[in-house]
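Each remark here refers to the structure printed beneath this line.
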Amino acid sequence: KGLRPGHVASGIAGVVIVLGIIIKGYDLVCGLLTCVYPMIASIRAINTQEDDDDKVWLCFWTVFGIFQTVELFFGFILAFIPYYYWLRLAFFVYLMAP
């Protein structure tokens with residue numbers, strides 16, 4: 001018997017996903033840590049009665065926005081700083097720490 005078209009398509013999609021993770025793994029991890037988790041935590045903070053947690057996540061998003069804006073204009077310069085992206089990731093993880 002030959003291969004079914006669905007199996008071939010699934011195999012190709014799997015290879016593309018694995019290659020994407022290998023090639024762009026940092027971007028995926030960075031996106032999950034600096035966008036997805038804070039977004040979920042911000043929504044949870046909005047739904048609580050306390051105001052302090054809202055302020056913490058509002059400060060996080062303000063700093064995140066400033067970083068994004070600076071990187072938009074000066075990202076090509078920042079890329080020359082050794083370990084800049086790892087330091088940036090560590091800084092945002094520090095901001096998310098309680």
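Structure notes:
- Peptide packing: for 23-29, 55-61, the average count of neighbouring Cβ atoms within 10 Å per residue gives the ranking 55-61, 23-29, highest mean first.
- Helix 37-46 vs. the chain, principal-axis angle (Cα, 0 to 90°, nearest 10): 50 degrees
- Scattering from the range 1-75 was approximated by placing one identical point on each alpha carbon and applying the Debye formula without solvent; log10 I(q)/I(0) at 0.11, 0.13 1/Å stands at -0.52, -0.63.
- Shown are CYS30, CYS35, whose ranking by accessible area with a 1.4 Å probe and every protein chain present, most to least, is CYS35, CYS30.
- Alpha-carbon radius of gyration plus Dmax, which is the widest Cα pair, for the range 1-40 in Å: 15.2, 49
- Sorting 86-92, 62-68, 2-8, 14-20 by their mean Cβ neighbour count within 10 Å, with the most densely packed peptide first, gives 86-92, 62-68, 14-20, 2-8.
The values are calculated or read from the model by the stated rules, or taken from the named source; none is laboratory data. For clarity, every value in this text was computed on a predicted model and none was experimentally measured. Backbone-built Cβ (ideal geometry, glycine too); neighbour counts: all protein chains shown. For accessibility, only protein heavy atoms count, side chains too; no ligands or nucleic acids. Shrake-Rupley method; radii C 1.70, N 1.55, O 1.52, S 1.80 Å.
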